[in-house]
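Participant: Have a look at this one before I ask anything.
The values are calculated or read from the model by the stated rules, or taken from the named source; none is laboratory data. These numbers were taken from a predicted model, which means no experiment stands behind them. Note: ideal-geometry Cβ built from the backbone for every residue, glycine included; neighbour counts use all protein chains shown. Heavy atoms of the whole protein, side chains included, go into the accessibility calculation; ligands, DNA and RNA do not. Shrake-Rupley method; radii C 1.70, N 1.55, O 1.52, S 1.80 Å.
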Amino acid sequence: MKQQTEPPAAEVRIRLPRGLARELFTLRWDPLPKMSRPRWLAWLPHVVLCYVAIPCGVLTGMQLNDHKVYGSAVVVLSLLTSASVVLSMFRPVAAWWLGLVTAGLVAWAIHDHVGPGQSWPWTAAGPFTLAPVLLMVALRVPPRVTASVIGITLTLNGLADIVLRPPHSQTIIGGVALLFGFVGLLGYALRATRLAHGKLARQETLTEEERARRALLEERSRIARELHDVVAHHMSVISIQAQVAPHLVENPSEELKENLAGIRENALEALTELRRVLGVLRSERPDDPANPHHPQPTLGELDGLVDNVRGAGLDVTTEIAGIRRPLTPGVELTAYRIVQEALSNALRHAPGSRVEVGIAYGPRDLHLCVANSAPTRPAPPSPGAGHGLLGMRERAGMLGGELAAGPRPDGGYEVSAVLPMDPQDLPAVPDSETKRAS
């Protein structure tokens, strides 16, 4: 026998009403969403609804008095009407049932007191006391549940009007249908707008996270390209020195020639593998700054960088402490890029400010500090900016250094970094990790 993959049509017809029944006969807690912007308006809808509940109860009592109904019944039905409006803030479907039962009790209480020209089963103000509850339902439940709620209300109203309406009374079922239909459409529109805004906010958050992730990946690719240049240069030098070394020694031994040939062969093999793995990150555009034919910048070119920033309108001063000495290529490149990005951020976000660039050569670490004062004029919009700190932290962390950035008390901004000068200062990889990697 073939296995049945789809339920029969009869089962589908049964499941749909059961699902709808669960929505209609529920006491589920469903609080009214708070307004998030501005924050001080968060509870405004709740306050407004509580104020609406008061006149709804008062109107119910006045209508009962107009129909010559007095006593404790007036107080109870008025309180039930107000309670249904207040309850709709937290349990909308249960509040609708309470409002519907209250409307039925009101109709039963005035049935024998309806005079000529008076309406039944609704009083003149009765539909307006249930309308806020229906609006709260439409704001929080799916459209099919809203349609069922309004349909059940109008159906019961119609049956009572046909079967039990007192003589000489008039019906207002047409006006009630228009009012409840308008309230349902209004609630549906507001609910759809709220859901759309929520989806848009979530999408904006995801887009911002994706933008930050993409900026981080791009910066890592840029770092890989620059390290490729540095490492490839030194591997090429090793290869050339190993090839030339035998010619610098008179009568070199065969062991020396063999060892130097092995060094050169290993260097060429490593260089080939490096280019195979990282070469794909190179740009194919000849004018790209990451092109292999362009040397990578160092701190020796800091004066030219500062002059360019001064020409763009910033007042930049530099101060170098300690004994200035050449560093490893990775440290030189990272330090230059951090200063370059910090100056770019000051130029972009703090126009007209004063910038101080400090470089201190310590015994083991290189200290960098780029601080700017408060801007003197508004910063122009800069689309796509805002991820430069990611790249600076990636570069500092790659060398085992640290980077901190944040606002200053005077309204300015400061970026400071500490970079180890010697690669040997970096934490060594344990032997177990080395074996696992191999």
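Participant: How much of the accessible area of the stretch 52-195, probe 1.4 Å, is carbon plus sulfur, in whole percent?
Facilitator: With neighbouring chains kept in place, the figure for the stretch 52-195 is 75 percent.
Participant: Take the alpha carbon gyration tensor of the stretch 53-105, find the square roots of its eigenvalues, order them as a ≥ b ≥ c, and report rounded if a/c is under 1.5; if not, report prolate when a/b exceeds b/c, else oblate.
Facilitator: prolate
Participant: On to the next question. In whole Hz, with x marking every Gly and Pro, tabulate ³J(HN,Hα) for the stretch 404-419 from phi via Karplus 6.51 cos²θ - 1.76 cosθ + 1.60, θ = phi - 60°.
Facilitator: Karplus-based 3J(HN,Hα) across the stretch 404-419 equals 10, 8, x, x, 9, x, 7, x, x, 8, 9, 10, 10, 9, 10, 10 Hz.
Participant: State the volume of the convex hull built on the alpha-carbon positions of the stretch 134-214, expressed per residue in Å³ and rounded to an integer.
Facilitator: So the per-residue Cα hull volume is 70 Å³.
Participant: Find the accessible area per residue for the stretch 112-179; the probe is 1.4 Å, ligands and nucleic acids are left out, and the unit is Å².
Facilitator: Per-residue value: 45 Å².
Participant: Quick one: which residues, 5+ away or cross-chain, put their amide H under 5 Å from the amide H of TRP120? H built at 1.01 Å from N.
Facilitator: Result for TRP120 returns GLN170, ILE172.
Participant: Starting from the residue with the highest accessible area, list MET62, MET392, MET235 in decreasing order, probe 1.4 Å.
Facilitator: I get MET62, MET235, MET392, largest accessible area first.
Participant: Karplus couplings for the stretch 311-327 from phi (6.51 cos²θ - 1.76 cosθ + 1.60, θ = phi - 60°), rounded to Hz, Gly and Pro as x?
Facilitator: Values, residue by residue: x, 7, x, 9, 8, 10, 10, 10, 9, 10, 10, x, 8, 6, 8, x, 10 Hz.
Participant: Another one. Output the relative contact order of the stretch 92-158, whole-number percent, from Cα pairs under 8 angstrom with separation of 6+ residues.
Facilitator: Computed over the stretch 92-158, the figure is 39 percent.
Participant: Using packing as a proxy for protection, rank 79-92, 353-366, 243-256 so that the peptide with the highest average count of other Cβ atoms within 10 Å comes first.
Facilitator: Final packing ranking: 79-92, 353-366, 243-256.
Participant: Let me ask another. Once you sort the root eigenvalues of the Cα gyration tensor of the stretch 91-244 as a ≥ b ≥ c, which label holds: rounded (a/c under 1.5), prolate (a/b larger than b/c) or oblate (the other case)?
Facilitator: Prolate is the answer for the stretch 91-244, as a/c is 1.5 or above and a/b outweighs b/c.
Participant: Right, another one. Can you give me the C-alpha center-to-center distance between the stretch 90-108 and the stretch 315-340, rounded to a whole angstrom?
Facilitator: Computed from Cα coordinates, the inter-centre distance equals 76 Å.
Participant: What ranking, highest mean first, results for peptides 329-342, 145-158 when packing means the other Cβ atoms within 10 Å averaged over each residue?
Facilitator: The most tightly packed comes first, giving 329-342, 145-158.
Participant: Please report the spacing between the Cα centers of the stretch 195-222 and the stretch 404-423 in Å, no decimals.
Facilitator: After rounding, the separation between the Cα centres reads 26 Å.
Participant: Let me ask you something else. Could you tell me the relative contact order of the stretch 131-246? Use alpha-carbon pairs under 8 Å, at least six residues apart, and round to a whole percent.
Facilitator: 33 percent
Participant: In terms of modelled amide H atoms, which long-range or inter-chain residues lie less than 5 Å from the amide H of LEU366?
Facilitator: Sorted by chain and number, the residues that satisfy this are LEU419, MET421.
Participant: Still on this structure, I have one more. Could you derive backbone 3J(HN,Hα) for the stretch 98-112 from the dihedral phi with the Karplus parameters 6.51, -1.76 and 1.60 (θ = phi - 60°), listing whole Hz in sequence and x where the residue is Gly or Pro?
Facilitator: Computed from phi, the couplings for the stretch 98-112 are 5, x, 5, 5, 4, 4, x, 5, 5, 4, 5, 5, 9, 4, 8 Hz.
Participant: Using the scaling law 2.2 N^0.38 Å as the reference, what is the normalised Cα Rg of the stretch 30-163?
Facilitator: Computed over Cα atoms of the stretch 30-163, the ratio equals 1.11.
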